[in-house]
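The values are calculated or read from the model by the stated rules, or taken from the named source; none is laboratory data. These figures come from a predicted structure and were not determined experimentally. Cβ: placed from backbone, ideal geometry, glycine included. Neighbour counts: every protein chain shown.
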Amino acid sequence: MYAPRVFVSMFGALLVFAVATYWLSGSLSGTLIKTAICAILLQVGYFGGVIYLVWKEAKQRNGSKLAPSRVEDAEKLHVTPFNSSEPFNR
């Protein structure tokens, strides 16, 4: 996850949320409070997602240390050149 993109996306989501909340309620103070709560929930969700990804990677690394035959099986798999992530499938 690229941090600047996450921050810009989060700011955009908060801006849309704030505009919609103000349009629905007409209260500036209520909008600010609800937007702050939304920002906290977004940060908690982002933190939880990062923790989950770290946990998943650590679990995968520990699993590969216990079963080295998985690496050998992965080397036997045929990979087509069309699954490349590079531009124009070089």
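Couple of notes before you dig in:
- Tabulated pairs, the stretch 46-73, first within 20 Å of residue 10 (Cβ to Cβ), second assigned to a helix (DSSP H, G or I) and modelled with pLDDT of 80 or more, C-beta under 9 angstrom, 6+ apart or interchain: 46/6; 46/10
- Residues in the stretch 45-63 that are over 11 Å from the mean Cα position of the chain (by Cα) and of a type outside the set (Gly, Ala, Ser) were compared, and the one that is farthest from residue 7 (Cα to Cα) is 62.
- If the condition is being within 26 Å of residue 50 (Cα to Cα) and surrounded by 11 or more Cβ atoms within 10 Å (Cβ to Cβ), then the stretch 12-32 contributes 13, 14, 15, 17, 18.
- The residues of the stretch 1-47 that are in contact with a helix residue (DSSP H, G or I) (Cβ under 6 Å, 6 or more places away or on another chain) and of a type outside the set (Phe, Trp, Tyr), listed by number, are 10, 14, 18, 21, 31, 34, 35, 38, 39, 42.
- Of all residues making up the stretch 1-11, the number that are exposed (fewer than 11 other Cβ atoms within 10 Å of the Cβ) and among the small types (Gly, Ala, Ser): 1
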